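Here you go, one structure.
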Amino acid sequence: MDVLGVPQAAHQRLDPRRDAVPGRGRGSGRAVGRREPAVRQVKPVRGDLGRPALYLLGLLGAVKAAGLVLVAQGVASGLASLFSHTDAWRSALWIGLLGAALRGLSTWALQAASARISLGVKEKLRARVLDRAVTDARGSVGATTTVATAGLDELDRYYTVFLPTLVGAVAVPLLVGLRILAADWVSALIVVLTIPLIPVFMALIGLHTRDSVAQATSALARLSDHLVELARGLPVLIGLGREREQSAALRKLSDDWRVTSLGTLRTAFQSALALELIATLSVALVAVFVGVRLVSGTMTLEAGLLALVLAPECYAPFRDIGSAFHASQTGLDARRRVQEVLDQASGGADLARTAAEDGIAVTGLTVRHAGRASDAVSRLSFTARPGTVVAIDGPSGAGKSTALRVLAGRGAELDDDALVSGAIAAPTELAWLPQHPQFAREGAVAELIAYGATDAVARTLLERLGLPDADPARLSPGEQRRLAFARVLARVDDGVRVALLDEPTAHLDPASAALVRAEIGGLRARGVAVVVASHDPELRALADERVTLGEPTTAAVVTFSPSSAPHGRLSDDRAEGAAARSSESARNDPAQRDFVTTGGTGDGGGALRELARVLAPAGWKLAGAIGLGTLAALFATALTALSGWLIVRAAEHPPILFLEVAIVGVRFFGLGRAALRYAERLVTHDAVFASLTELRMRLWSGLAAQGPAGRVELTAANTLDRLIGDGDRVRDLAPRVVVPLASGVIALLAAVVALWVLWAPAGVLLLACCVVALGGGAAVAVAADARASRGRDLDRSAIVRRVAALLAARDDLAANGAAAGELEAVSRAGARAAASARHSATALGAGAALATLACAATAMGMLLIAVPAHAAGTLPVPLIAVFVLTPLALIEPVLEAIGAAQHWPELAQVLRRVAPVTAAADTAEHEEPGLPVAPVRGIRLADLAYRYPQAERDVFAHVSARAAAGETLVVTGPSGSGKTTLLGVLLRYLAPTAGRYLLGEADAALLDPDGLRRRVAWCPQEGHLFDSTLRGNLQIARGRDDQATDAELIDVIEQVGLGPLLATLPLGLDTPIGSGGAFLSGGQRQRVAVARTLLADADVVLLDEPTAHLDSEAAEALIVDLGVALRQKTQVLVTHDARFRGAGTVLELGGQASARLNVTPSS
């Protein structure tokens, strides 16, 4: 079942090309989803890295081992000196301090080096996978965005977390083990015999973890794809009042991903638990053997202490591998998925492409989509010479858009399941305006620069076409089409001499359409070969030749003459007037400038308050995780301290029974630490994942609350950035910040109190250590990383947005030769993020080095301050061992707390960014329900006006009109005049700033918004069709408990003239229609969207440009059909189609923020 609640073939596999038939289209049919052998996964990673990097990590591991040995030697020699009443502790003190310095230096160097080693690896892989995804249209937008962003971030963690740990597991145990061997061969033998158990358990558990990680990654990819579909179709869901119903589907998807991810983490944490238990029991075994031999007098105290302090360090790298194991598997799985994309064969279609200097010649072009019994395009042949216009003619569904996409090198030619044949001779550089243009940049000037224009040329083009320099997402569909046409002009200015135009005047008002037609005439005058598909009769009159699809050869040539068609330039001031009116309208429409946020401020009331709101659903779980983390840290500290006490006390040769309690305590704390650590990790992630589900739901509700006016927030790139990008950042950062910081501080305070009770000077020194190690280390890390942290978060967000926008617009970019620049822009953003990450790792390394140095130096300081008290006979050596070893045991929680403090600014920035959206959701949730909505028998607008917040003027004002049941209100006006804003008011997503809006006699402001939207249905201009079946796309018009019968579905399909299409579909209503209706023509898509709206049981129907992309005959038939189908309902038609002016009352919105009412004779 898909998010629409219907079976969906397209989502049963990650890539629809996975089961492709060899030899069809361009693909070879290679399976994308199967798992490669493990060695297949590791080899590319080794190849990415190189041997010098491994050698460097090994060298730094050796330096770390030397520091560990020196610190252990200092501790052991110092305590043994005090025990034997000699002065050797003085030299031991300096040895320990040298070891502390080496340990701190190696900690910093490993952090910095591992980050620097990974320089460029992630960016190179991202560049390769995106180049493949753009060039060959491989992978869906959601799944590929996830692989290229979050997936590669996991690979980054593999290089910076797991790999240094893995190399350290080779260098540190070897060198430390040699020192243990030199001190005591029995302890060394125990270590040698027990260490091999760890790799065995790692291999056994790792095999299952690998499969679990693959399932979790696939679940995230499916979630991303669904979120993209929901994002692109959110205006449709809003128009049908179904956005809240889809919240349940989104929750189910998030819950499925949470359960799968938690299952993976549970297995990974079990791996860490097994390694921890093996290490703990092995160290306990060493301690017992050492204690027994000390009691019997067969071992020196210095050798015993040295073995005790160093033995845990032999196992620590393997415990760290267990902790980082999930990161390694997630990273390797991401690398595997990247490799699968790169390894996909491109095959070859039976389409012969040859280069031509100018013009374009097509011979026998035939296209058949997968599963279709007839050709979409059959034996199309024509020649477009320089300076001519060729019009591809034919009714809606004849294959005009399909043909133009193939001519542009996209569409069916890249589809493994399609059959494409024929010959095309054309220049390698083309200009293409698709029927549904997509935009990659967040500014009109920047968009044109991406297509080859200079800044000055771009601004000139915008002025010629009457467009503002605004985010394309904030432009109306008509303005977006003019911007896409401006891209074609930019390409021509850059030297391109062939232009392919698909419905260039669709969605345009008459003045703007005339302006575009004049520019097309100008292209011909400049010697450009223009191929155009359009239902605009005036545009077709421009053609020198018309080609009717379905005919075996070219159609008759229509000779161009000055008397039969407009010239390249408008002969009067109509073009200037159209541009001026449209530009003025666009500049004065605040919807083009400001995003509307219903509730909330920029900081959301503070990051801490937003964090509390985010984590509130799992507050008790989080409190439990903090308690478990605190106990785990205290158990680890008690284990080290008690072991030291046990060894020194055993050297005093007491009866063995006096040590039994301590021996049991060592086992208890060792096993308890492992179990508590496992429970803390599991509870923490469960709490965060549960909170993330609720956060995604709030973000979804906040985005949906924007309604038709929230164009920018409802783009696929922005929605992915909010729901996936920001959601994943909260998921990754919250466990690293909240629990480690809280539990670390509590554990440190508890240790200080315990030492204070035992001996006040020791408590004071440990408190000073905590201030320097935690306070100073955190201050160094945060201060050094403050700027990089802010930039890193912004760069991550920019990468997600750029990648999603790049993939959504890849057809536009690749066909127009503009993909390289966008790929380079993504690469630059990745390089900035990598630089920030390296800076962050260096800062964290500096803070960790300071903390490690402070803790190791404090251990030596404990030895120093204990000498006078021991000499006075008031402080026994076993207790001194407790004081010396406690700071060393606290290094791990201190480092985790420093890492948490460093990550807080980044988490706070994410929280501040999502706060306005979640605040909008909270406002919508707590909105008063209002009065119930009775059946609506008409609408009335009384002196209505609307002005966006902080805007200088009204979008429209003094708007008055009415339409009863069975009547039609026709809304017209130039692009940007506020027609979409008026629809937002009619749907009650925007509240009018003046006047009244009534349904029947009830004021809409007093009615329940959800109830109103069930009575008022909206069909947007670009009514997105979901990647599902024809049935699924129609059924979303109804609630899940009110699904239409097959008879009702067939009836509504016939009402919009799609009966002949239904008869040709191989699976009838259950035929998949592709993402965005890719398997349908533009006109067919439009009629399916209208049919979906008709199926909704609404009293008022809002139709936005319902005849766009339809030929004249189909448009007139649809007008008649709508009149019959909606004869009992109130209609509001937003249109530039003059044929609708006779349908009822005409409300014309103008560029001067006013409206005038024209009542036609027929009304």
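So for region 1096-1114 (the condition being assigned to a helix (DSSP H, G or I), at pLDDT below 80 and either in contact with a Lys or Arg (Cβ under 6 Å, 6 or more places away or on another chain) or not polar (S, T, N, Q) (or both)), does at least one residue qualify?
Looking for residues that are assigned to a helix (DSSP H, G or I), at pLDDT below 80 and either in contact with a Lys or Arg (Cβ under 6 Å, 6 or more places away or on another chain) or not polar (S, T, N, Q) (or both), one finds at least one in region 1096-1114, hence yes.
Quick one: Asp455 ticks every box in (1) surrounded by fewer than 22 Cβ atoms within 10 Å (Cβ to Cβ); (2) out of contact with any strand residue (DSSP E or B) (no Cβ under 9 Å at 6 or more places or on another chain); (3) in contact (Cβ under 8 Å) with a residue 24 or more places away in the chain bar one, so which box is it?
Of the numbered conditions (1) surrounded by fewer than 22 Cβ atoms within 10 Å (Cβ to Cβ); (2) out of contact with any strand residue (DSSP E or B) (no Cβ under 9 Å at 6 or more places or on another chain); (3) in contact (Cβ under 8 Å) with a residue 24 or more places away in the chain, the odd one out for Asp455 is (3).
OK, next. Can you list residue pairs whose Cβ atoms sit under 6 Å apart, with the first residue in region 376-391 being in the same structural domain as Gly522 (by TED's automatic domain parsing) and within 13 Å of Arg524 (Cα to Cα) and the second being of a type in the set (Asp, Glu) and surrounded by fewer than 17 Cβ atoms within 10 Å (Cβ to Cβ)? Count only pairs 6 or more apart in sequence or on different chains.
Qualifying pairs under 6 Å: Pro386/Asp358.
Can you work out which of the residues in region 639-670 that are in a helix (DSSP H, G or I) and charged (D, E, K, R) is nearest to Val286 (Cα to Cα)?
It comes out as Arg667.
Still on this structure, I have one more. With respect to Thr1107, determine if the residue is under 28 Å from Thr980 (Cβ atoms) and out of contact with any Ser or Thr (no Cβ under 8 Å at 6 or more places or on another chain). Outline the logic, then answer.
On the way: under 28 Å from Thr980 (Cβ atoms): yes; out of contact with any Ser or Thr (no Cβ under 8 Å at 6 or more places or on another chain): no.
Answer is no for this residue.
Can you tell which of Gly984, Gly1011, Gly1032, Gly1023 is outside any helix (DSSP H, G or I) and among the small types (Gly, Ala, Ser)?
Every option except Gly1023 fails the conditions.
Is there any pair linking a residue in region 678-698 that is more than 22 Å from Gly629 (Cβ to Cβ) and touching a residue at least 12 places away in the same chain (Cβ under 8 Å) to one that is buried (at least 20 other Cβ atoms within 10 Å of the Cβ) and of a type in the set (Gly, Ala, Ser), with Cβ under 6 Å and at least six apart or on different chains, and which?
Thr693/Ser254; Arg696/Ser254; Arg696/Gly727; Arg698/Ala921
Residues Thr383, Thr366: which one is β-branched (Val, Ile, Thr), in a strand (DSSP E or B), out of contact with any helix residue (DSSP H, G or I) (no Cβ under 8 Å at 6 or more places or on another chain) and under 21 Å from Ala137 (Cα atoms)? Steps first, answer last, please.
On the way: Thr383 fails: under 21 Å from Ala137 (Cα atoms).
Being β-branched (Val, Ile, Thr), in a strand (DSSP E or B), out of contact with any helix residue (DSSP H, G or I) (no Cβ under 8 Å at 6 or more places or on another chain) and under 21 Å from Ala137 (Cα atoms) holds for just one of Thr383, Thr366, which is Thr366.
For every residue, the table says whether it meets (1) without any contact (Cβ under 8 Å) to a residue 24 or more places away in the chain; (2) in contact with a helix residue (DSSP H, G or I) (Cβ under 6 Å, 6 or more places away or on another chain); (3) farther than 21 Å from Val1088 by Cβ.
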{"residue": "Leu237", "(1), (2), (3)": "no, yes, no"}
{"residue": "Gly241", "(1), (2), (3)": "no, yes, no"}
{"residue": "Glu245", "(1), (2), (3)": "no, no, no"}
{"residue": "Arg258", "(1), (2), (3)": "no, yes, yes"}
{"residue": "Ser261", "(1), (2), (3)": "no, yes, yes"}
{"residue": "Phe269", "(1), (2), (3)": "no, yes, yes"}
{"residue": "Leu273", "(1), (2), (3)": "no, yes, yes"}
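Further question: Among the numbered criteria (1) surrounded by 19 or more Cβ atoms within 10 Å (Cβ to Cβ); (2) charged (D, E, K, R); (3) not in a helix (DSSP H, G or I), which one does Asp469 miss?
(1)
Quick one: Arg996 ticks every box in (1) at negative phi; (2) surrounded by 23 or more Cβ atoms within 10 Å (Cβ to Cβ) except a single one, so which number is it?
(2)
Would you pick out the residues in region 654-674 that are surrounded by fewer than 18 Cβ atoms within 10 Å (Cβ to Cβ) and either outside the structural domain of Arg293 (by TED's automatic domain parsing) or in contact (Cβ under 8 Å) with a residue 40 or more places away in the chain (or both)?
Pro654, Ile656, Arg667, Leu671
If I ask for residues that are touching a Leu at 6+ places or on another chain (Cβ under 7 Å) and surrounded by fewer than 22 Cβ atoms within 10 Å (Cβ to Cβ), which ones from region 517-545 would you list?
Within region 517-545, Ala518, Gly521 meet the criteria.
Of Ala651, Ala674, Ala705, Ala734, which residue is at pLDDT 80 or above, among the small types (Gly, Ala, Ser) and closer than 27 Å to Arg802 by Cβ?
Ala734
With the condition kept exactly as written, say whether any residue in region 156-167 is among the β-branched types (Val, Ile, Thr), at pLDDT 75 or above and under 17 Å from Ala809 (Cα atoms).
Keep residues of region 156-167 that are among the β-branched types (Val, Ile, Thr), which gives 160-161, 165, 167.
Next, only the ones that are at pLDDT 75 or above stay: 165, 167.
The next check asks that each one be under 17 Å from Ala809 (Cα atoms); those that pass are none.
No, region 156-167 contains no residue that is among the β-branched types (Val, Ile, Thr), at pLDDT 75 or above and under 17 Å from Ala809 (Cα atoms).
Sticking with this one: Considering (1) within 24 Å of Gly821 (Cβ to Cβ); (2) buried (at least 23 other Cβ atoms within 10 Å of the Cβ), say which one Arg464 fails and leave the rest.
(2)
Counting residues that are at pLDDT 80 or above and among the hydroxyl-bearing types (Ser, Thr, Tyr), which helices (runs of 4 or more DSSP H) fully inside region 22-140 reach at least 3?
51-84
Condition first: of a type in the set (S, T, N, Q), modelled with pLDDT under 90 and assigned to a loop (DSSP other than H, G, I, E, B). Can you find one or more residues in region 493-513 that meet it? Let's see the steps before the verdict.
First, the residues of region 493-513 that are of a type in the set (S, T, N, Q): 505, 512.
Those left that are additionally modelled with pLDDT under 90: 505, 512.
Now narrow it down to the ones that are assigned to a loop (DSSP other than H, G, I, E, B): 505.
For region 493-513, residues of a type in the set (S, T, N, Q), modelled with pLDDT under 90 and assigned to a loop (DSSP other than H, G, I, E, B): present.
Among the listed residues Pro1066, Pro1072, Pro1060, identify the single one that is modelled with pLDDT under 90 and crowded, with 16+ Cβ neighbours inside 10 Å.
Going through Pro1066, Pro1072, Pro1060 in turn, just one is modelled with pLDDT under 90 and crowded, with 16+ Cβ neighbours inside 10 Å: Pro1072.
Please work out if Leu875 is touching a residue at least 12 places away in the same chain (Cβ under 8 Å), over 27 Å from Thr160 (Cβ atoms) and outside any helix (DSSP H, G or I).
yes
I'm checking my understanding of the structure. Among residues of region 1129-1149 that are more than 25 Å from Pro235 (Cα to Cα) and not aliphatic (A, V, I, L, M), which one is modelled with the highest pLDDT?
The residue in question is Thr1145.
The values are calculated or read from the model by the stated rules, or taken from the named source; none is laboratory data. Since we're looking at a predicted model, the values are computed, not measured. Here Cβ is always computed from backbone atoms with ideal geometry, including for glycine, and neighbour counts include all displayed protein chains.
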